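Input: a single structure, listed below in structure tokens.
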Amino acid sequence: MQSVPKIVRQRLKAATPASNHPDANVLTAFAERSLAEGERAVVLEHLGRCSDCRDIVALALPATEPVQTIVSPSRSGWLTWPPLRWGLVAAGVVAIAALGLVQYQRGVRSQSIASTAPARFEVAAKEARNQPLAPPVPVATAKADNFQSPPPSASTDSVGATDATLNEKKITVRAEVPRASVPQPQVGVGRGSALAVGGPLPHGPRLANQWQQQNDTQKQAPAVPSPFAKQQAAGDLSANMRVPAVSETVAVESQSAQLETQTQNLDAGQIQDQPAAALPSNEDYARIGKAKPAATTQTATTTSPASTMAAPIAQGIGSGALALSAPIPRWTINSTGGLQRSFDQGATWQAVNVNANPAYFTDETSLQISGKTSQPKVRKIAPIFRAVAATGIDVWAGGSGGAIYHSLDAGDHWTRVELASAGSTLTGDIVSLEFLDIQHGKVTTSTTEVWTTSNSGQTWQKQ
Amino acid sequence: MSSTKPIPAVQSVVNDVLADLYAKGGCEKIGLARESFAAILCEVGSKQATPATSENEIRTFLLSLRVDELALARACAAGNNSAWEVFLTRYREKLYLSALRIAREDSAARELADTLYADLYGTNTRDGQRISKLASYTGRGSLEGWLRTVLSQEFVNRYRRTKRLVSLDEESEEGVQFRAPEPEPVPPADARLAQATDEALAVLSDEDRMVLSAYYLDGRTLAEIARILGVHESTISRKVDKLAKSLRKQIVAALGRRGMSRRQAEEALEVDVRDLQLDIRRSLAQESSAPAFSEKRVEARVREGPG
């Protein structure tokens, strides 16, 4: 940067001292560029001569302009890395292509051996018909089934897998039972679940040992309906079944202990806890304010709960889990009643739109938590907030029209809450929110109503 | 309440726009009466307007005010508890954060913020009436920005006051009493140089002068100056460069008009006799046990700016 001679600095300093300092209102308007041109020139002339006023204007600058962006939908942190994202897409495409190839080859082979084993087919079909309702097929197993009858030269590498946890170096499947063809396998990556498959699992042949276990344990566990079983029970096999190759022996080799565990728990219709796809309990749902999926879908044939749950719910859980390890933001309300948060101790602030990511994704979903009947609504207009209270990542915000919003993940997702108790509903604007901890809170309204909760907002009492 | 006499034109415009502004300001919700709000608008308008100001200009001015914040501030100043609750909810945290950013030290920031809170709440009284600083807010800028400006004013006043009141003990500890006697009188800088410089500075625009002063006298960064003026940092960088070059040219030209040759003029700009004097003093002071310069002098030197 070009320097100026010292004489210039000296003469600048020796300029006639300024008088008539502008008041705080004028200096503020100057800093916010809301002064008329003439008035601005007067202030500039003064600032050219008055170091005190220059200091004041400089000190009064806001820390940083708040980032005027809506909070984007929460995703797994690693998925936001573009190369990894595109890599996953590419892997998905490869997997789909590979499955298509396998299907084609299977079809070709089946046609060639169909005439040689009709008896086996009939026996297998009869067996299948007599089987009780089949429990869910573990993802890994189903995936292994997908690889049934691979071409002799095929390797797992060529087939590919989107499931990172399988790590199968060599996959072969033993099949002497009828198999169902893969209807339309959809391979994708489920969020929050290492074994998630983004769609209905393909139906595939079962391992011999699985059938055996099924027969043995069918008395122990209630039968779980599944599309696969229904299909079999209906006897509609001819369209879907393929006769396995007589000489084909395929064995599953898995290096994951989870597969073993899953195999054993088939009939229980339960899946062992997987690294990232634990089935939430009722309490978990209540806590995160989400409706528990219907029982049928929850225990369907899928082996990956995350794949059968509504993806957004899984996303919410995943994001909630991620939020637990995320930094805890500070909260504030700006002069226009907008909600803002800061992850850097107030250096920068982000506007938070409570309507951008509602925790509920369908209007039909209702919250069935005892004592609190709330119908979540997806509203378009953000309220004018007046109060915010946060305990870690548990955040409550309240404002005009009795609007109260609750977030369990530091503001990534919000639920609109309407307080009601004994036939009475909250009226007025929220002027104060106090939460001593996650459980105990108090809301005060402009109509001097006071509502309290001692169970994280599940029920409220009007004082 | 201010004792500014309302201008008739202002009163007339206020009557026209009162209904709209009263609704826009949410005055009813915070318990501010219509008549009180009208009086506030008259006061603010009268401060700004002159007898020569047209009604249109007054109307434009009043409509540009942040009436919701003005209503809130004045309701707080009047002692309205619900308004004060809203004010605290919105601004308490921000006030402390701003004070921390200004004072850069926690205890000083707290003291600064607490002092302002007391002034805003109105702990001082005059003629038995509570005086709140919020009564001086006119809605021309945002309330948040106004609070920051008031904090900065308080901080600057305090700092200036503290700087002037340096104790004698502190002076002696810094070795003032051991300062070497002044050497023989320094010949004054060439008066033509000062005149030429003044001539060159006089033709600068107000903004250019302000930029130069902020950069070279206050030591402000280009980014800070850019934010003050609402332009990009690169704009200020180019401006400072351009100004420095053009000033040099103009001073040389002015010295030429005063009888100096170009070489003499450039030499006069590059070498200041007083700089030579300071160098001698510095080298002499290195031999003494007392520190050559106090922290304050070093700070003043640094504040002269770069270059």
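The values are calculated or read from the model by the stated rules, or taken from the named source; none is laboratory data. Just so you know, these numbers come straight off a predicted model, no measurement behind them. Reconstructed Cβ throughout: ideal geometry from the backbone, glycine too, with neighbour counts over all protein chains shown.
Residue count for segment B:212-236 under the criterion of being farther than 16 Å from A:Arg33 by Cβ and more than 7 Å from chain A (Cβ to nearest Cβ): the result is 7.
Taking the criterion of being of a type in the set (S, T, N, Q) and either more than 8 Å from every other protein chain (Cβ to nearest Cβ) or outside any helix (DSSP H, G or I) (or both), the residues of segment B:189-211 that qualify are B:Gln195, B:Ser205. Evaluated against (1) crowded, with 20+ Cβ neighbours inside 10 Å; (2) within 10 Å of another protein chain (Cβ to nearest Cβ); (3) more than 19 Å from B:Leu151 (Cβ to Cβ), B:Ala103 falls short on exactly one condition, (3). Residues of segment A:19-60 that are under 16 Å from B:Val211 (Cβ atoms) and more than 7 Å from every other protein chain (Cβ to nearest Cβ): A:Phe30, A:Arg40, A:Val43, A:His46, A:Arg49, A:Cys50, A:Cys53.
Is at least one residue of segment A:445-455 of a type in the set (A, V, I, L, M, F, W, C), buried (at least 16 other Cβ atoms within 10 Å of the Cβ), modelled with pLDDT of 90 or more and in contact with a Ser or Thr (Cβ under 8 Å, 6 or more places away or on another chain)? Taking every residue of segment A:445-455 in turn, at least one turns out to be of a type in the set (A, V, I, L, M, F, W, C), buried (at least 16 other Cβ atoms within 10 Å of the Cβ), modelled with pLDDT of 90 or more and in contact with a Ser or Thr (Cβ under 8 Å, 6 or more places away or on another chain). Listed here are the helices (runs of 4 or more DSSP H) enclosed by segment B:1-113 that have at least 1 residues being touching a residue at least 60 places away in the same chain (Cβ under 8 Å) and not hydrophobic (A, V, I, L, M, F, W, C): B:34-48, B:67-77. Just so you know, in segment A:1-18 the residues that are at the interface with chain B (Cβ under 7 Å from one of its Cβ atoms) and part of a loop (DSSP other than H, G, I, E, B) include one that is surrounded by the fewest Cβ atoms within 10 Å (Cβ to Cβ), and it is A:Met1. Pairing residues of segment A:335-351 that are at the interface with chain B (Cβ under 10 Å from one of its Cβ atoms) and under 17 Å from B:Arg92 (Cβ atoms) with residues that are in a strand (DSSP E or B) and aromatic (Phe, Trp, Tyr), at Cβ distances under 6 Å and at least 6 apart in sequence or on separate chains, gives A:Gly337/A:Phe385. Among the residues here, A:Ala90 qualifies as away from chain B (no Cβ under 11 Å), modelled with pLDDT of 80 or more and exposed (fewer than 13 other Cβ atoms within 10 Å of the Cβ). Only one of the numbered conditions (1) touching a Leu at 6+ places or on another chain (Cβ under 9 Å); (2) more than 21 Å from A:Leu339 (Cα to Cα); (3) away from chain B (no Cβ under 14 Å) is not met by A:Gly441, and that is (2).
When B:Leu97, B:Leu134 are checked against the criterion of being over 27 Å from A:Gln345 (Cβ atoms) and within 21 Å of the chain's Cα centre (by Cα), a single residue qualifies: B:Leu134.
Within this structure, B:Ser36 fails the test of being out of contact with any helix residue (DSSP H, G or I) (no Cβ under 8 Å at 6 or more places or on another chain) and among the polar types (S, T, N, Q). Only a single item in (1) more than 14 Å from chain B (Cβ to nearest Cβ); (2) in contact (Cβ under 8 Å) with a residue 12 or more places away in the chain is not met by A:Gly398, and it is number (1). The set of residues in segment A:383-405 that are within 23 Å of the chain's Cα centre (by Cα) and β-branched (Val, Ile, Thr) comprises A:Thr391, A:Ile393, A:Val395, A:Ile404. Answer yes if at least one residue in segment A:363-385 is modelled with pLDDT of 85 or more and away from chain B (no Cβ under 14 Å), and no otherwise. Checking segment A:363-385: not a single residue is modelled with pLDDT of 85 or more and away from chain B (no Cβ under 14 Å).
Applying the criterion of being in contact with an Asp or Glu (Cβ under 8 Å, 6 or more places away or on another chain) and more than 10 Å from every other protein chain (Cβ to nearest Cβ) to the residues of segment B:237-251, the residue that is surrounded by the most Cβ atoms within 10 Å (Cβ to Cβ) is B:Lys239.
What are the residues in segment A:422-444 that are out of contact with any Lys or Arg (no Cβ under 7 Å at 6 or more places or on another chain), within 24 Å of A:Ile393 (Cα to Cα) and surrounded by 14 or more Cβ atoms within 10 Å (Cβ to Cβ), if any?
Listed by number, the residues that qualify are A:Ser432, A:Leu433, A:Phe435, A:Ile438, A:Gln439, A:His440, A:Gly441, A:Lys442, A:Val443, A:Thr444.
Please tell me if A:Val43 is in contact with a Phe, Trp or Tyr (Cβ under 6 Å, 6 or more places away or on another chain) and at pLDDT 90 or above. So A:Val43 passes the test.
Take segment B:195-231 and flag every residue that is under 21 Å from the mean Cα position of the chain (by Cα) and farther than 15 Å from A:Leu44 by Cα. Reasoning before the result, please.
Within segment B:195-231, the subset under 21 Å from the mean Cα position of the chain (by Cα) is B:204-231.
Matches in segment B:195-231: B:Tyr216, B:Leu217, B:Asp218, B:Gly219, B:Arg220, B:Thr221, B:Leu222, B:Ala223, B:Glu224.
So is B:Asn80 away from chain A (no Cβ under 11 Å), farther than 22 Å from A:Ile384 by Cβ and not small (Gly, Ala, Ser) or not? When the stated conditions are applied, B:Asn80 does not pass them. Scanning segment B:50-77 for residues that are surrounded by 21 or more Cβ atoms within 10 Å (Cβ to Cβ) and more than 12 Å from chain A (Cβ to nearest Cβ) yields B:Ile58, B:Leu62, B:Val67, B:Ala71, B:Arg74, B:Ala75, B:Cys76, B:Ala77.
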